[in-house]
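The structure appears right after this line, and notes come after that.
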Amino acid sequence: MERIITAIKEAQSLWKIILCIYAFQFILASTIGLQMMQVLDASLGNSLSLEKLESGFDYTVFTDFVNVHGGSFSVLYGQMRWMVLTYLIFASLISTGIIYCLIHKSSQISDFFKGSLQMFFKLFIVDVVFAILILAIMAISFALTGMLFGIAPTSFDTELVFLRWTLLISIIALLLIFVLTLWKIHIKFNYIKSDQRIFNSIGSGFKSFWASKWRYIAYTFFFLIISLILITMNYAAGDLPLFPMIILIQFIALIKVFWRIVFYKVIGT
Amino acid sequence: MKNYIITILILFHVLGINAQCDAILNPPQSARLANYKMSLNLDHENKKSTGTQVITFKNHSPDTVHELRMYMYLNGFKNTYSTWIKGAEGNTFGQDLTSRKPEDWGWVEVLSIMDQSGNDLSSGKKYIHPDDDNEDDETVLLVPLQKPILPGETAEFSTTFESRLPRTIARSGWGHNDFFLWVHWYPKLGVWEQDIDGVWGWNCHQFMRQTEFYGEFGVYDVELTMSDHLVVGASGCLVSDTNNGNGTRTKVYRAEDVIDFAWAAYPHFDEIKDRWKHVEITMLSPPEHRSLQPRFIKVLKHSLEYLEKHVGTYPYNTITIMDPPLVGLRNGFMEYPTFSTGGSFYGFPKGIRTIESLIVHEFAHQYFMGIVANNEKEAPWLDEGFVTYFEDRIMEEYYGEQKSLIDLWGFKIGNAELSRAEYTSMDNHREAIVAQPGWKFKRYTKELVYSKTGTTFQSIRKMFGQETMDLLMRTYFDKYKFTHPRANDFLSIAKEVISERHGLEAGNNVESLLHQALYTTAVCDYAVKTVRTIETRTKQGLFGTRGGEEKKSEAKGVKSVIQVERKGDFIAPVEVEIYMASGEELIKKWDGTDFIKEYVLDGEVVSVHIDPKENLLLDIDLNNNSYTKENNKDPISKFSWKTSNWLQHIFQSLSFLM
Ligand SMILES: [Zn+2]
């Protein structure tokens, strides 16, 4: 716990970087949000159906909208896909920048950029490899679950057997993803901290993670649970009137950036 | 003393069982033209049964019957050449048919058939295929009679037969752990009736994938003998239950005034008994679904209550609900007389009420197809459409409008909304008409037969009110219960009832609405095209003799020009509601015929709304039915903010990949 409190304190000092990351994500997401607003305004802006949305979701308004204006939705969806893919490159820069600043105890934006750009290429390759591994684990577990679902009616006595298997697969997949994530963070820390070659960092990263694996995994669980609570709060905030909702959901988005830095700090040091 | 007590106990037991069979509606409700006395031995290990059958058939027509035609529907699962499977050999109902073992296929066979004079009719029997040229299909058996059945005469036929269930593909079959659902397990007569042209004959179609069943009313006395480890549920009421002492037990059921008899068996069923007024409820459910059982019973009682109040009393005194275990899931989601099957999974969330919706649907079939026994093959909309309407009504009555089906984490969907959306979201609304035989649908059966019809009925209810709708349904039910009505029977009652209560014009409107919805592919879409405000000026030009005095134009007030349009080819009269800036509210009646209708009004318009009560639910886009200048755009802002916010969260979650 003490470790988390220290990390929170240290993360606070990185507020400029936190704001910078938040602003970047916000601006990127807003380009879609603004377009969405235009699409909705053009198609529903003068319809009395809008009144039905004042109290929340309305299935009929929504389906009629999608049936008629679904085309403009798919354009936005297409944009979103590209944006997400592009963001992944930036995500690598950002995580490298954060770790660089944490190691050098610097809260300067210039250091954040310096660190992220300097170390980018080698760490980006590590990121891509690990991302592929994580996606592969997810794909395999989905495929396994799907296969079990297919054979369930003719092979299992009850759906409980299927559910237990699914739970087991999910836990194993989650643990493997945890391991890969933690290992990768350690690689980044080790690589930035020392002048090791990247291959050495991969080895030393694993060693330093493995030395206290269960503690790290416990931290990750804790981190995940807090994130889930934040997401739930974010979802619940949707029922608030417009202005308070905007304030709250954006605050939560900001906190989540902060929380991620806390996590890096806890894991990497 | 001990013997005395045992005798009393046995007596109570027997009385208890027999109480199920007390008829609540005397005399017999139907003409009881096709009656079956059957005795069956189940060999559960081989999924096979051997049976004897005495069929009593009454020729109620003025014509002579020279042959029998029988449904042999288990043969639809005999091989990949049956009409039911043909064309879908690779994969049917989500099942791979290429790797089936011989014991996975099912069949039914008449071993012998004799008339009451002792003539053996077996040698003449042959399979026919009146609907297609598929020589390999064995789902309709023709038996030529040596002694024709004269008009008004009753004939008796004795058969011996054998049937084996398939490993379930759909409808009927077995699953491992000794799960069985026996549907169309016996040779069953078609319906001797007049066709559209008034010619008497057998209505006995082959078993086709898109179609369900059609049978004649009668009494079923069925004796089932099977291993005593099986828990059994069946159509009708339990007359007796005897342990034979040799590891088997015999259960005798009687079902009166029904069109079919189905039964299920599984060793692990919980058997839950409950009661609603005169109806004994039996629920068969696997133990892993125990927490869901109260949901089934509750919604079943809601259905009984609603249908009694709005349609008519449930005439039978039993209903059995079978919630299949996973191994029998493919047998679920179907309806048989006094026996409905559901479908559920362990831990199904309370906020998702598809379990309830399904039970309501299947139970409503007791009324429409079970009691009002339309031909489910030739006019499936006559039961599925009605049932969808009642499913939506019952669900919304007891679980709330716009949230009856799903009410979870702020995400809400009502049953009627979903039915409408199933139709309006079709990518081609002109794919097919509703009122056609089931086998003609290539796709969109659900969207058209169920949802479009249900939504059409919902529209009629909204237009004329619940009372009128109830009267319409009740009149139809009362007139056609225990018979086989056709589309026109319902259509003329609809016109009659609406005309009587709301005038001839309303009757004609309903006739036109039903015709367009069911017999055409017309698409309904009314929209506000434009609303313009123009400044009006006072008199301009010269006035008086010889030029006179020039009057200057001066701005004086505004006029509004509203154009409403009919974008589709479906025509229905609608109201146009107009709010003026002065606070005045105008209702204009529009017959909905013209492509564009223009209204010019003095003053400024605040809003225009075509069909403001949203009666015409078949309108494929209700959002374009209205226009207003002054809208609170918070919902748009909210939705847009939420979209970008979720994108922020997606970015943040993805950050962990990198
Ligand atoms: Zn149905």
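Projecting the Cα atoms of B:Ser499, B:Asn428, B:Gly410 onto the charge dipole of the range B:388-519, computed from C-beta unit charges around the Cα centre, puts B:Asn428 farthest toward the positive end. Charge dipole (Cα centre; +1 on Lys/Arg Cβ, -1 on Asp/Glu Cβ; no other charges) of the range B:24-140 amounts to roughly 540 debye.
Given the range A:13-118 reduced to its alpha-carbon atoms as identical point scatterers, what log10 I(q)/I(0) does the Debye formula return at q = 0.22 Å⁻¹? Results for the range A:13-118 at q = 0.22 Å⁻¹ read -1.11. The Cα center of the range B:280-319 and the Cα center of the range B:197-235 differ in position by 22 Å. Counting only Cβ charges, +1 for Lys and Arg and -1 for Asp and Glu, the dipole size of chain B around its Cα centre is about 1380 debye.
Taking chain A as the reference, fit the longest principal axis to its C-alpha atoms, fit the long axis of helix A:242-268 to the helix C-alpha atoms, and give the angle between the two in degrees, 0 to 90, nearest 10. That works out to roughly 20 degrees. Peptide A:154-165 has a mean shielding of 5, counted as Cβ atoms of other protein chains within 10 Å of each residue's Cβ.
When only alpha carbons of the range A:72-126 are considered, Rg and Dmax amount to 14.5, 47 Å.
Note on the range A:1-58 and the range A:94-130: Cα centroid distance 25 Å, given to the nearest whole angstrom.
Heavy-atom accessible surface, probe 1.4 Å, ligands and DNA/RNA ignored: which residues of the range B:388-433 lose at least 10 Å² versus the isolated chain? The answer is B:Gln402, B:Trp409, B:Gly410, B:Phe411, B:Lys412, B:Ile413, B:Glu417, B:Leu418, B:Arg420, B:Ala421, B:Thr424, B:Ser425.
Longer than 20 Å from Cα to Cα, which of B:Lys529/B:Lys588; B:Lys559/B:Lys633; B:Lys58/B:Lys126; B:Lys126/B:Lys188; B:Lys309/B:Lys495; B:Lys529/B:Lys597 are they? Say none if no pair is. Over 20 Å Cα-Cα: B:Lys559/B:Lys633; B:Lys58/B:Lys126; B:Lys309/B:Lys495. Contact residues in the range B:591-627 (at least 10 Å² less accessible area with all protein chains than alone, 1.4 Å probe): B:Ser607, B:His609, B:Glu614, B:Ile620, B:Asp621, B:Leu622, B:Asn623, B:Ser626, B:Tyr627.
The residue among A:Leu242, A:Leu40, B:Val606 whose Cα reaches farthest toward the positive pole of the charge dipole of the protein assembly as shown, with charges on the beta-carbon of Lys, Arg, Asp and Glu, is A:Leu242.
Put simply, the range A:190-257 fits an ellipsoid with semi-axes of 39, 15, 6 Å; these come from the alpha carbon gyration tensor as the roots of five times its eigenvalues, largest first. Counting only lysines at least 8 places from A:Lys207 when in the same chain, those with an alpha carbon closer than 25 Å to its own are A:Lys105, A:Lys122, A:Lys184, A:Lys188, A:Lys193, A:Lys265.
Computed from the C-alpha gyration tensor, the three semi-axes of the ellipsoid equivalent to the range B:105-151 are 24, 14, 8 Å, from longest to shortest. By definition, a body whose alpha carbon gyration tensor gives a ≥ b ≥ c is oblate when a/c is 1.5 or more and a/b is not larger than b/c, and the range B:216-362 fits this oblate description. Below 9 angstrom from the Cβ of B:Lys588, what's the summed charge of the other residues (Lys, Arg +1; Asp, Glu -1)? My count for the surroundings of B:Lys588 gives 0. Extents of the range B:388-519, largest first, come to 46, 35, 32 Å (Cα atoms, principal axes, whole angstrom). Computed from point charges on the beta carbon alone (+1 for Lys and Arg, -1 for Asp and Glu), the dipole magnitude for the range B:388-519 about its Cα centre is near 420 Debye.
The convex hull of the Cα atoms of the range B:551-641, projected and averaged over all directions, covers 8.6 nm². Computed across the range B:35-173, the Kirkwood radius stands at 16.4 Å (inverse of mean 1/r, all Cα pairs). For the range B:25-267, the gyration tensor built on C-alpha atoms gives an oblate shape. Its axis ratio a/c (a ≥ b ≥ c) is at least 1.5, and a/b is not larger than b/c. Pairwise Cα separations in the protein assembly as shown fall into 20 Å bins from 0 onward with the following percentages, short to long: 12, 34, 30, 19, 5, 0, 0.
Taking a span of 18 Å or more along the helix axis (Cα atoms) and a mean Kyte-Doolittle hydropathy of at least -1.0 as the rule, the DSSP H helices of chain B that qualify are B:2-19, B:293-310, B:354-367, B:381-399, B:466-480, B:487-502, B:504-519, B:634-654. Rounded to 0.05, the FRET efficiency of the A:Val128 and A:Ala42 pair, given R0 = 51 Å and the Cβ-Cβ distance, is 0.80.
Could you tell me what percent of the accessible area of the protein assembly as shown is made up of carbon and sulfur, with a 1.4 Å probe and every protein chain present? In the protein assembly as shown, the share of accessible area belonging to carbon and sulfur is 59 percent. Relative contact order for chain A: 25 percent, from Cα pairs under 8 Å spaced at least 6 residues apart, divided by residue count. Taking packing as the residue-averaged number of other Cβ atoms within 10 angstrom, the listed peptides B:194-204, A:254-264 run from highest to lowest as A:254-264, B:194-204. Put simply, the convex hull of the Cα atoms in the range B:168-214 casts, on average, a shadow of 4.1 nm². For a 4.7 Å threshold on C-beta separation, the list of partnerless cysteines in chain B reads B:Cys204, B:Cys524.
With an a/c value of 1.5 or above and a/b not larger than b/c for the gyration tensor axes a ≥ b ≥ c computed over the alpha-carbon atoms, chain A is described as oblate. Based on every Cα atom in the range A:65-157, Rg and the maximum pairwise Cα distance Dmax equal 20.7, 62 Å. When you restrict to C-alpha pairs under 8 Å that are six or more residues apart and normalise by the size of chain B, the relative contact order lands at 9 percent.
Report the normalised scattering of the range B:322-397 as log10 I(q)/I(0) at q = 0.28 Å⁻¹, calculated by the Debye formula with identical scatterers on the alpha carbons. Log-scaled intensity ratios, in q order: -1.26.
Which whole-number percent gives the relative contact order of the range B:25-267, counting Cα pairs below 8 Å spaced six or more residues apart? Contact order relative to length: 26 percent.
Here chain B was treated as a single set of alpha-carbon atoms; its pair distances binned every 10 Å from 0 give 3, 13, 22, 23, 16, 10, 6, 4, 2, 1, 1, 0, 0 percent. Applying 1/(1 + (r/R0)^6) with r as the Cβ-Cβ distance of B:Thr313 and A:Leu228 and R0 = 35 angstrom yields a FRET efficiency of 0.10.
DSSP bridge analysis restricted to the protein assembly as shown gives an antiparallel fraction near 85%, rounded to the nearest 5. For the residues of A:34-41, the average number of beta carbons from a partner chain within 10 Å of their own beta carbon is 5.
The values are calculated or read from the model by the stated rules, or taken from the named source; none is laboratory data. What you see is a predicted model; the values in this text were computed from it and never measured. Cβ: placed from backbone, ideal geometry, glycine included. Neighbour counts: every protein chain shown. Accessible surface is based on the protein model in full, side chains and every heavy atom, while ligands, DNA and RNA are left aside. Shrake-Rupley method; radii C 1.70, N 1.55, O 1.52, S 1.80 Å.
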